[in-house]
Amino acid sequence: MKKKKPDNRPRVPKETIDKTVDHLKKGHTLILPMDGYYYLCCDAQDIEAVEKTLGLVTSDEAIFYEVLVDKDHVLERYVEQVPDPAWNIIDTSKRPVTLVLDKPKNIAPALILEDNSTPFKITYDRFTALVTSKLRSPLLIASSNFLKGNMPEKLEDISQSLIDQVDSIISIEDTTEKIEVHPLEKEAQKGSNKQRQRHQPTSIIKISNNGIFKIIRK
């Protein structure tokens, strides 16, 4: 039997998961963290919440949001067909990728683009994966020029006007269990933070049901 690798990712407090899911079930719009940055979020199946969330942002980009699922096979619940090339990309990609897939279903209509497709992403972030799994619904994750500048790592990087309009905020500090860290480990973490690379936008690939695909953003 293949030995399971130890999971060294930070643990997420159960109360934070429960609180976030409760907000989403109530149709709230949230600011929450994913992969160390803040995004707008709501339940992707909640029609009113989706329309409100999308109304909070404007963008010059054709695609500024994605529907988040926690596992690759879950995609089959939300599109009529997952093309074979999509599975190949999921299996071989070395980093998260957004796949624009045809004929979406079981999501809010506002998330369906004019050509009857929707951008989907499998999350590898523990917090959003746990929230999506417990909610039993995909998440709308949106980012755009509601920010003061680059992708926000701190709440103060987000415009106050947006903060005033959302229903709730989940902070990065709330999503990691408070574990006592050795002073030397703290110093090592400081060094790694200084060397942290600037956020790289996710690759976006459109894959049609006929197998033809187009790279929208590398």
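The values are calculated or read from the model by the stated rules, or taken from the named source; none is laboratory data. On a predicted model such as this, the values are computed, not experimentally measured, just so you know. As a convention, Cβ positions derive from the backbone with ideal geometry for all residues, glycine included, and neighbour counts pool all protein chains shown. For the accessible areas, the whole protein counts, side chains as well, though only heavy atoms, and no ligand, DNA or RNA atoms are used. Shrake-Rupley method; radii C 1.70, N 1.55, O 1.52, S 1.80 Å.
Condition check ((1) in contact with a Ser or Thr (Cβ under 6 Å, 6 or more places away or on another chain); (2) closer than 30 Å to Asp22 by Cβ) across all residues:
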residue: Val74; (1), (2): no, yes
residue: Asp84; (1), (2): no, no
residue: Val97; (1), (2): yes, no
residue: Pro104; (1), (2): yes, yes
- Do you know which of the residues in segment 90-116 that are under 18 Å from the mean Cα position of the chain (by Cα) and assigned to a helix (DSSP H, G or I) is farthest from Asp43 (Cα to Cα)? Ile90
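Listed here are the residues, each with its yes/no results for (1) at pLDDT 95 or above; (2) part of a loop (DSSP other than H, G, I, E, B).
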| site | (1), (2) |
| --- | --- |
| Val82 | no, yes |
| Thr118 | yes, no |
| Asp174 | no, no |
| Lys178 | no, yes |
- How many residues does segment 180-211 hold that are open to solvent by 50 Å² or more (accessible area, probe 1.4 Å) and either at pLDDT 80 or above or over 26 Å from the mean Cα position of the chain (by Cα) (or both)? 9
- Item | Single match in Leu101, Leu147 (criterion: surrounded by fewer than 19 Cβ atoms within 10 Å (Cβ to Cβ) and either at pLDDT below 95 or closer than 20 Å to Pro85 by Cβ (or both)) | Leu147
- Item | Where a residue in segment 111-140 is among the polar types (S, T, N, Q) and its partner, wherever it lies, is assigned to a helix (DSSP H, G or I), with Cβ under 8 Å and at least six apart | Thr118/Leu111; Thr123/Ala129; Thr123/Thr132; Ser137/Leu24
- Query: With (1) in contact with a helix residue (DSSP H, G or I) (Cβ under 9 Å, 6 or more places away or on another chain); (2) surrounded by 14 or more Cβ atoms within 10 Å (Cβ to Cβ); (3) part of a helix (DSSP H, G or I) as the list, and Ile141 as the residue in question, which single condition is left unmet?
  - Reply: (3)
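Table: residues versus (1) more than 30 Å from Thr92 (Cβ to Cβ); (2) outside any strand (DSSP E or B); (3) open to solvent by less than 50 Å² (accessible area, probe 1.4 Å).
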residue	(1), (2), (3)
Leu24	yes, yes, yes
Pro33	no, no, yes
Cys41	no, no, yes
Glu48	yes, yes, no
Glu51	yes, yes, no
Leu54	yes, yes, yes
Ile63	no, yes, yes
Val67	no, no, yes
Leu75	no, yes, yes
